[in-house]
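> Here it is, the structure in full.
The values are calculated or read from the model by the stated rules, or taken from the named source; none is laboratory data. These figures come from a predicted structure and were not determined experimentally. Virtual Cβ from ideal backbone geometry, glycine too; neighbours counted across all protein chains shown. The protein model used for the area step is the full one, side chains on, heavy atoms only, and it has no ligands, DNA or RNA in it. Shrake-Rupley method; radii C 1.70, N 1.55, O 1.52, S 1.80 Å.
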Amino acid sequence: RSSVPWGAGATMAALGQYLDAASAAVRAQDGAQLARLLDVANPDAMRAVTSALAENREVNLGALCQQRLPQPHDEVFAFHCQCLGAIAEGRAEDAFAAVTSTTQAFVKDFRLQETAWSLDALVNLVKAAKALAERADAALAAAGKKAGKLHDAGALLMLVYRNTANTSVQEKKRASLFLVVSLFKIYFKLNTLHLCKNLIAAVNLPTFPSFESFPSSQKVTYSYYVGRLAVFDDDYARAEKNLTYAFEHCSARHPKNKKLVLRYLVPVKLILGRRPTARLLDKYALDEYKSVVECVRKGDVRQLNDALQKHQVTFIMQGTFLVLEKLRDIATRALFQKTHAFCAAKHPQKANQVSLHVFAKALAWCGAGMDIDEVECVVANLIFRKLIKGYVSHKSRVVVLAKTGAFPPLS
């Protein structure tokens with residue numbers, strides 16, 4: 001391990017001592033110590049750099065690092081010191097540029113290594129790159145300029161991913177899912193969701209490490225994003241599978257995260273004809289879904305419209321509004337099913353027929369009145385979407401239902 005004590009609890013203002021500690025960590029291949037030294041949140045590292053810059057603004061960081069560190073880590077730490085200085089002075093764009101250079105220099109050496117002893121340090125640089133890119137974009141937006149640093153961070157992380165995933169050194173792949181998840185977060189924020197699909201394909205390759213070998217937190221986050229992508233693709237069975245995994249495996253110590261998963265899982269289950277319990281909605285304070293669930297159960301189309309309208313801003317911000325709008329068809333089917341039961345009881349000899357005029361009255365009773373041609377279009381759409389089995393007799397204004405399986409399971 002490193003022969004120079006420098007890290008948690010140590011207070012060193014001298015830049016030279018900091019760089020000597022870095023040199024010792026590199027020579028001893030002390031990955032844990034190197035990760036601490038390359039952590040932008042390390043207060044000791046920040047003090048060492050800022051105190052040196054305060055004494056001499058013209059200090060030649062490159063030359064100083066070259067004197068004390070072996071190649072290529074002299075370059076890595078020169079850029080890292082520039083990054084820390086930029087962070088301390090609030091120069092967000094410069095900080096991101098510096099962490100980008102730090103990471104690129106680090107990867108050049110990392111890909112040549114036959115072990116993964118420095119992987120944790122690389123992970124810290126990736127975390128810093130994403131955080132500093134977001135900070136830089138916020139500063140650019142505040143100044144009325146175009147924000148594109150998060151896009152650049154995505155390209156940087158993809159560089160790192162390729163050099164950890166495409167290797168014969170299995171230990172280097174330990175960070176693969178972490179990098180995939182980090183890229184997911186960037187792509188979702190940038191709304192470039194199509195870029196996620198290649199990553200999902202890579203995770204499913206036999207050369208990718210076993211999914212179960214990764215930390216639970218990474219598996220949960222990965223499943224959450226894959227589930228959300230499936231929602232956008234209208235693949236509700238896959239969405240339910242992944243979101244259910246994320247919810248069930250998310251630690252009870254993180255109720256906010258479980259609630260975040262439920263915001264997408266609840267609409268998916270409703271689309272598939274499975275209603276959440278009132279107890280579950282109460283436990284995670286998902287009050288905005290209570291009236292929605294009840295309206296779908298009753299087939300009350302008008303009240304469902306009112307509920308969606310009432311919480312429209314919330315649902316749009318969550319990204320679930322378009323999914324929830326599809327519940328109108330589910331609620332309409334429920335109302336049609338009740339109308340069919342009424343007609344079958346009144347006219348048992350025509351149990352598989354439903355008058356469109358009767359259904360129009362049911363819609364009007366719910367406050368969703370429309371003319372008979374519109375009602376016919378609504379039913380035709382339900383048949384087209386395979387929510388109902390049967391056909392519409394335009395001449396008789398009657399829906400003739402299949403004698404078996406007229407209302408297929410939604411799932």
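> Pull out all pairs, ordered by first then second residue, where Cβ-Cβ is under 7 Å, the residues are six or more apart or on different chains, the first lies in the range 235-262 and is more than 19 Å from residue 215 (Cα to Cα), and the second is in a helix (DSSP H, G or I) and open to solvent by less than 30 Å² (accessible area, probe 1.4 Å).
Matching pairs, first to second residue: 236/268; 236/271; 238/230; 239/227; 239/230; 239/231; 239/268; 240/268.
> Right, here's the next one. Please indicate, with yes or no, whether at least one residue in the range 285-300 is over 21 Å from residue 189 (Cβ atoms), among the small types (Gly, Ala, Ser) and without any contact (Cβ under 8 Å) to a residue 12 or more places away in the chain. Show your work before the answer.
Going residue by residue through the range 285-300, those that are over 21 Å from residue 189 (Cβ atoms) are 285-300.
Imposing the further condition that a residue be among the small types (Gly, Ala, Ser) reduces the set to 285, 291, 299.
Checking which are without any contact (Cβ under 8 Å) to a residue 12 or more places away in the chain leaves us with none.
Within the range 285-300, not a single residue is over 21 Å from residue 189 (Cβ atoms), among the small types (Gly, Ala, Ser) and without any contact (Cβ under 8 Å) to a residue 12 or more places away in the chain.
> Moving to a separate point now. Which residue pairs have Cβ atoms under 8 Å apart, sit 6 or more places apart or on different chains, and have a first residue in the range 337-362 that is touching a residue at least 40 places away in the same chain (Cβ under 8 Å) and a second that is open to solvent by 80 Å² or more (accessible area, probe 1.4 Å) and not in a helix (DSSP H, G or I)?
Here the result reads 352/403; 353/347, each pair linking the range 337-362 to a residue that is open to solvent by 80 Å² or more (accessible area, probe 1.4 Å) and not in a helix (DSSP H, G or I).
> Quick test for you: out of 193, 229, pick the one residue that is under 16 Å from residue 151 (Cβ atoms) and open to solvent by less than 60 Å² (accessible area, probe 1.4 Å). Don't jump to the end; show me each part of the working.
On the way: 229 fails: under 16 Å from residue 151 (Cβ atoms).
Residue meeting the stated conditions: 193.
> Within the range 310-411, which helices (runs of 4 or more DSSP H) (wholly inside it) include 2 or more residues that are among the charged types (D, E, K, R)? Please lay out each step first, then the result.
Numbers: elements: 312-318, 321-325, 327-346, 356-365, 372-384.
So the answer is 327-346, 372-384.
> While we're here: Just to confirm my filter: which helices (runs of 4 or more DSSP H) fall fully inside the range 32-117 and include at least 1 residues that are out of contact with any strand residue (DSSP E or B) (no Cβ under 7 Å at 6 or more places or on another chain) and among the basic types (Lys, Arg)?
Working: elements: 43-55, 61-68, 73-88, 92-110.
Hits in the range 32-117: 43-55, 61-68, 92-110.
> Would you be able to tell me the number of residues in the range 119-170 that are of a type in the set (Ser, Thr, Tyr) and buried (at least 23 other Cβ atoms within 10 Å of the Cβ)?
Within the range 119-170, residues that are of a type in the set (Ser, Thr, Tyr) and buried (at least 23 other Cβ atoms within 10 Å of the Cβ) number 1.
> Could you figure out which of (1) at pLDDT 85 or above; (2) open to solvent by less than 60 Å² (accessible area, probe 1.4 Å) isn't true of residue 384?
(2)
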